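The values are calculated or read from the model by the stated rules, or taken from the named source; none is laboratory data. Here the structure is a predicted model, which is why all the values come from computation and not from measurement. Note: ideal-geometry Cβ built from the backbone for every residue, glycine included; neighbour counts use all protein chains shown. What goes into the accessible areas is simple: the full protein's heavy atoms, side chains included, and nothing from ligands, DNA or RNA. Shrake-Rupley method; radii C 1.70, N 1.55, O 1.52, S 1.80 Å.
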Amino acid sequence: MAQHATTTHAASDDHGHGHGEHFAHPAPVWVLLGTFGALIFLTILTVFIADNVELGSFELLVSMGIATVKAVLVGAFFMHMFWDKGFNVLVFLSSLLFFALFIGFALMDSYETLPNVSDYYKR
Amino acid sequence: MATVTQKQQLFGHAPTNHYLDASRGVMSWIFTLDHKRIAIMYMYGVILSLFLAGIFALVLRLELYTPGPWFLTSAQYNQMFTLHGAVMVFLFIIPSIPAIIGNFVLPMMLGAKDVAFPRLNLASLWLYWAGGFFFIVVLATSGLDTGWTFYTPYSTTTSTNVIAATLGAFILGFSSIFTGLNFIVTINTMRPKGMTWFRMPLLLWGLYSTSIIQVLATPVLGITLLLLIVERLLKLGIFDPAYGGDPLLYQHFFWFYSHPAVYIMILPAMGVISEMLGVHCRKEVFGYKFIALSSVAIALLGFLVWGHHMFTSGQSEMASLVFSAITFSVAVPSAIKVFNWLCTMYRGDINLSTPMMYIMSFIFLFGIGGLTGLWLGALSTDIPLHDTYFVVAHFHYVMVGGTMTSLLGGLFHWWPKMSGRMYNEPLGKLFCLLVFIGFNLTFFPQFIMGSLGMPRRYHEYQAVYQIYHQLSTIGAFTLGIGIFGAVMTLVYAWFFGRKASGNPWGAATLEWQSSSPPSFHNFEHRVIVSAPYDFSSVVYDESVDGYVPVVPKREAAPAPQPTPAPVSN
Amino acid sequence: MATTNVVRDEYSELVDLEHSHDHEHGQFIAHHFHSAEQQFDSGKLGIWLFLVTEVLFFGGLFVAYIIYRYNRPDVFIDAHHHLDTLLGGLNTIVLLFSSLTMAWGVRAAQLGDNRTTAISVLATMVCAALFLGVKAVEYSHKWDLGLLPGNLFSYDPLAKHDHALISNYLVMLCVPFGVLLLGFLLGAILNLNTGKKLIGQFYGGMAITMLGYFAGVGVGVLWMATMTPKHDSHDDHHAAVVVAADAVRPVVFSADDAAPKVETAVVDGAAAAEAPAGSTAPLDKSLGVFFSIYYCMTGLHAVHIIAGIAALAWIFYRSLAAQWRPDYFGPVDFVGLYWHLVDLIWIYLFPLMYLIR
């Protein structure tokens, strides 16, 4: 990869646009590769756990936990949230907050109504 | 060296080369990226929808004049109220203020040339047309009789054209999302130097809060309607108890969007009122920060209360309790706004213009609409009142008395900017009065008959309710004449009105620093940013027959002496 | 009068400032932005907001999934026999790899290295198409078995499943990609021969992308072929379960409230105790709802993959045209963010659908 050479080449192409380059934050190669390695490892791990470890009711919790770790890795490094403006990160995380709200209230209602529904069917 | 003519060109009535004249032909409008033209084109669609759905409403009211069936069959009656609701909600109220006033004014308030994504803005407009087209398909085919909420299981079994209507609403949802996204980005990244968050005009706070809801809630409507369409096509069973599905889940989905959508309808209206109030009272808006932040508070609280639409539909008691409690908290920021508006008017130099009259009727009507909401938010009183005319009256006081009133007021206020012409003041006031009287005559009797037990959506009723229905019908026609007259006043002004200067009201926000109508790029000069309600930043200038901004005396940056450096060129 | 003159001078200064400002605009900066950075920041915030809408759009389906799983855990435990973990895992890895190549492409664009960007984006598109190919094999296999959504669900565990390896449904799913492949190949050859290098390379890249789809189909079919014995054992296990359940089937259809409990107990003794009797719907009818949710979620995800390929094609073309510079790489970044989100959603879909035990 002749990336350093191309950088200088691009810079010399730049006709007097000295400003503006500072908003690019290229992720280091080792970070990209490391993230990918970790993601693959976690994928194999979660399949392994599902097939070989008896977790009972914790199963969903564990697999969702691993998925969340993977999601954080993708978000932080592939999606550049690690280097991004705080506001953009806040915007994205707010979507998760509102999703949690949605699922929280809906699940709470489901939890509360389920006995009523079963009672109705028993009658 | 600036001359009087140049000043007239900058701040007066622009005789040529304004945005309406910049290019000609139908194509120059359909493919325009200019936010001002897009706003005007939205206006055609929105006003047309208002008239269409208004005619449905008048047909309904006429039918209800007698207790028995008159000229509509029950099936036709169901179609009428459904189409009235669906067209009003999806094609009129939700786009109205953001799409017309927001699109026109928002970039100009920021001193910008356009919104952040002009192509996306045009795409929103096209999606609006596409959604409208599907509603026309509904009208041309078997119609729609589900009520605007499309509740399952009826909506999955009725033979009317639910798919076209939901597809239309789905597309309109995306139009709304893209408008919201555009506004958020524009406000975030395109504010001029010197305009901090708390020096933004209050309309922008209103639109910003609205946009947050549009971006966060509308996608859920999208997926809900998509599921409904697939449910009808393939019988998915997700909402069908015969398959182990849950019909209540549909209502959770629907109201997760549709309750916040109520605030999509009212927040921009509140923004318009806050914005106009300072100008027409010539007084700095009282409690600026509280009005601004209460908009955001309403937007966020709006996500926590959707279950109050489901008190009687089999929702659990626990959920009803929680939702009811949170519902009352929305009253706090709403009341903060009303009190601050009243304090702004107090000892203000009130100019009783048409927009000011709309402002006052807004405060009155929204007050009634908001306070009656407390009866419906309280569990014990909601049980007898739900699905009666009390509910109908309540949300019409908020939606029509609130949103439509402030839309009309806003159109009168910004009409000189949009068209470059002044409207006829006595006519404007007359029709405002007619709207106010007609509105109250229509909906106040509905509170009474609702509390007496008249259910909503009934085609026939007992004779005891007839007097209220008759009053309501008479009021509806008065209201219809009022709205039609107000719109005609504006149309007449567009062609024959007196020429308006750039800033006829003496407002201090940036959009008034352009000529009327503005040029294609909005401003032919650099805008001067001052506090939005600092009315000493504009002075009356006879040569343009309006107000011009005062250029602040500049001081050399690190002033060595206290003497201001004279500006020379 | 003197003051009026001063005022007029100041206004003309405002005008002059505005006009002198206009010349600074570069080729890629839209007229309403002041600088490349303002334009980039706007685009970036815009795409993040768009991703927020996507999260909530998919969020609705996740809510439907969770509520239904909460109401009927028995259905979900039964359903996992019908999903192939290995194909799902393979697709997960393919998507993760495509995310890596995408991130690599963004990095290259930020450095102004257009050639690397083009190659990375092409790799991303190939992975996307490969994912779709594997998915097509999974879908067509299920359709053959009658594992269809809701009312269409017609899976009969007792029937013999000696279906053809390459089903008719799979052929149908391959037709559009085949047509596109031929079209792109033809376009590439014609344009490269007439010396139109840019468009020729673009068509060539798209043809390679379509080949990726067929590679995915090939891998999927091969896997199905080698795993047939094991797969049958899956079916056998399930068949045995339902043979027992079949004995109570008449009761199930009489919609007696005891019936689902009986059947749950047969499927999984442990689940029976916690399975709430929230509904009288029999298991096989409810299994159709699981597949409703499965098809809605994976189908919507597949639609996003297809849209992603279209967006990536646009980036690929512009990379070939060497349009990225260190101060102008926004579109690569924005499409990249979208692509990573599609990957993120799959990261959750995979355990939720394939790893239920």
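Is it true that residue B:194 is over 23 Å from the mean Cα position of the chain (by Cα) and small (Gly, Ala, Ser)?
Criteria met by residue B:194.
When you go through A:38, A:67, A:50 one by one, which is the residue that is of a type in the set (Gly, Ala, Ser), open to solvent by less than 40 Å² (accessible area, probe 1.4 Å), more than 7 Å from every other protein chain (Cβ to nearest Cβ) and touching a residue at least 12 places away in the same chain (Cβ under 8 Å)?
Just a single option satisfies the conditions, and that option is A:38.
Within segment B:477-514, can you find the residues that are of a type outside the set (Ser, Thr, Tyr), modelled with pLDDT of 95 or more and open to solvent by less than 10 Å² (accessible area, probe 1.4 Å)?
Matches in segment B:477-514: B:482, B:485, B:486, B:490, B:493.
Modelled with pLDDT of 85 or more, open to solvent by less than 30 Å² (accessible area, probe 1.4 Å) and either hydrophobic (A, V, I, L, M, F, W, C) or in contact with a Cys (Cβ under 6 Å, 6 or more places away or on another chain) (or both): is that true of residue C:49 in this structure?
The answer is yes for residue C:49.
I'm told residue B:270 meets every condition in (1) within 10 Å of chain C (Cβ to nearest Cβ); (2) touching a helix residue (DSSP H, G or I) at 6+ places or on another chain (Cβ under 6 Å); (3) open to solvent by less than 10 Å² (accessible area, probe 1.4 Å) except one. Can you identify the failing condition by its number?
It fails just one condition, (1).
Just checking, does segment B:138-152 include any residue being part of a helix (DSSP H, G or I), open to solvent by 10 Å² or more (accessible area, probe 1.4 Å), touching a residue at least 40 places away in the same chain (Cβ under 8 Å) and in contact with a Leu (Cβ under 9 Å, 6 or more places away or on another chain)?
Scanning segment B:138-152, I find at least one residue that is part of a helix (DSSP H, G or I), open to solvent by 10 Å² or more (accessible area, probe 1.4 Å), touching a residue at least 40 places away in the same chain (Cβ under 8 Å) and in contact with a Leu (Cβ under 9 Å, 6 or more places away or on another chain), so the answer is yes.
Please determine whether any residue of segment B:468-485 is assigned to a loop (DSSP other than H, G, I, E, B) and either farther than 29 Å from residue B:76 by Cα or away from chain C (no Cβ under 14 Å) (or both).
Scanning segment B:468-485 turns up no residue that is assigned to a loop (DSSP other than H, G, I, E, B) and either farther than 29 Å from residue B:76 by Cα or away from chain C (no Cβ under 14 Å) (or both).
Could you name every one of the helices (runs of 4 or more DSSP H) located completely within segment B:1-110 that has at least 3 residues being within 30 Å of residue B:139 (Cα to Cα)?
Correct list: B:26-30, B:35-63, B:74-86, B:94-97.
Run down C:88, C:105 and say which single residue is farther than 27 Å from residue C:319 by Cβ, within 14 Å of chain A (Cβ to nearest Cβ) and open to solvent by less than 10 Å² (accessible area, probe 1.4 Å).
Result of the check over C:88, C:105: C:88.
Name the helices (runs of 4 or more DSSP H) wholly within segment C:247-357 that hold at least 1 residues that are among the polar types (S, T, N, Q) and modelled with pLDDT of 90 or more?
Hits in segment C:247-357: C:283-320.
Within segment C:117-137, is there a residue that is part of a helix (DSSP H, G or I), at pLDDT below 95 and either closer than 30 Å to residue C:328 by Cα or open to solvent by 10 Å² or more (accessible area, probe 1.4 Å) (or both)?
No, because not a single residue in segment C:117-137 is part of a helix (DSSP H, G or I), at pLDDT below 95 and either closer than 30 Å to residue C:328 by Cα or open to solvent by 10 Å² or more (accessible area, probe 1.4 Å) (or both).
Can you pull out every residue in segment C:149-178 that is among the aliphatic types (A, V, I, L, M), at pLDDT 75 or above and under 21 Å from residue C:221 (Cβ atoms)?
Within segment C:149-178, C:166, C:170, C:171, C:172, C:173, C:175 meet the criteria.
Residue C:93 - would you say it is surrounded by fewer than 20 Cβ atoms within 10 Å (Cβ to Cβ) and either more than 10 Å from every other protein chain (Cβ to nearest Cβ) or touching a strand residue (DSSP E or B) at 6+ places or on another chain (Cβ under 7 Å) (or both)?
Considered against the rule, which asks whether it is surrounded by fewer than 20 Cβ atoms within 10 Å (Cβ to Cβ) and either more than 10 Å from every other protein chain (Cβ to nearest Cβ) or touching a strand residue (DSSP E or B) at 6+ places or on another chain (Cβ under 7 Å) (or both), residue C:93 comes out as no.
If a residue has to be within 14 Å of residue A:67 (Cβ to Cβ) and out of contact with any Leu (no Cβ under 7 Å at 6 or more places or on another chain) to count, how many in segment A:30-42 make the cut?
Number of matching residues: 2.
Residue B:415 fails exactly one of the following numbered conditions: (1) of a type in the set (A, V, I, L, M, F, W, C); (2) out of contact with any Phe, Trp or Tyr (no Cβ under 6 Å at 6 or more places or on another chain); (3) over 24 Å from residue B:148 (Cβ atoms). What is the number of that condition?
Unmet condition: (2).
Looking at this structure, is residue B:126 assigned to a loop (DSSP other than H, G, I, E, B), open to solvent by 30 Å² or more (accessible area, probe 1.4 Å), away from chain C (no Cβ under 14 Å) and not polar (S, T, N, Q)?
No, not satisfied.
Taking segment C:66-85 as the search range and keeping residues that are farther than 27 Å from residue A:41 by Cα and either at pLDDT 95 or above or among the aromatic types (Phe, Trp, Tyr) (or both), which one is surrounded by the most Cβ atoms within 10 Å (Cβ to Cβ)?
Selected residue: C:68.
Output the residues belonging to segment B:298-320 that are more than 8 Å from chain A (Cβ to nearest Cβ) and assigned to a loop (DSSP other than H, G, I, E, B).
Within segment B:298-320, B:305, B:310, B:311, B:312, B:313 meet the criteria.
Residue-by-condition table, conditions (1) surrounded by fewer than 13 Cβ atoms within 10 Å (Cβ to Cβ); (2) of a type in the set (Ser, Thr, Tyr); (3) more than 8 Å from chain B (Cβ to nearest Cβ):
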residue	(1), (2), (3)
A:81	no, no, yes
A:86	yes, no, yes
A:92	no, no, yes
A:96	no, no, yes
A:101	no, no, no
A:109	no, no, no
A:112	no, no, no
A:117	no, no, yes
A:122	yes, no, yes
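Would you mind stating whether residue B:30 is crowded, with 18+ Cβ neighbours inside 10 Å and more than 23 Å from residue B:449 (Cβ to Cβ)?
So residue B:30 does not fit the description; no.
Considering only residues of segment C:287-325 that are within 14 Å of chain B (Cβ to nearest Cβ) and among the small types (Gly, Ala, Ser), which is farthest from residue C:336 (Cα to Cα)?
If we take residues in segment C:287-325 being within 14 Å of chain B (Cβ to nearest Cβ) and among the small types (Gly, Ala, Ser), then C:288 is farthest from residue C:336 (Cα to Cα).
Right, residue B:453: at positive phi, modelled with pLDDT under 95 and crowded, with 17+ Cβ neighbours inside 10 Å or not?
So residue B:453 fails the test.
Filter segment B:178-213 for residues that are open to solvent by 20 Å² or more (accessible area, probe 1.4 Å), in a helix (DSSP H, G or I) and within 11 Å of chain C (Cβ to nearest Cβ) and give the result.
Scanning segment B:178-213 gives B:178, B:188, B:189, B:212.
Checking the structure you have, find out if any residue of segment B:43-50 is within 30 Å of residue B:460 (Cα to Cα) and crowded, with 20+ Cβ neighbours inside 10 Å.
Yes.
Of the residues that sit in segment B:515-542 and are within 14 Å of another protein chain (Cβ to nearest Cβ), open to solvent by 40 Å² or more (accessible area, probe 1.4 Å) and more than 30 Å from residue C:33 (Cβ to Cβ), which one is modelled with the lowest pLDDT?
Per the criteria, the residue is B:542.
Looking only at segment C:174-227, count every residue that is touching a residue at least 24 places away in the same chain (Cβ under 8 Å) and assigned to a loop (DSSP other than H, G, I, E, B) and tell me the total.
Summing the residues that are touching a residue at least 24 places away in the same chain (Cβ under 8 Å) and assigned to a loop (DSSP other than H, G, I, E, B) in segment C:174-227 gives 1.
Quick one: which of B:167, B:228, B:221, B:233 is open to solvent by 10 Å² or more (accessible area, probe 1.4 Å) and either within 14 Å of chain C (Cβ to nearest Cβ) or outside any helix (DSSP H, G or I) (or both)?
Matching residue, one of B:167, B:228, B:221, B:233: B:233.
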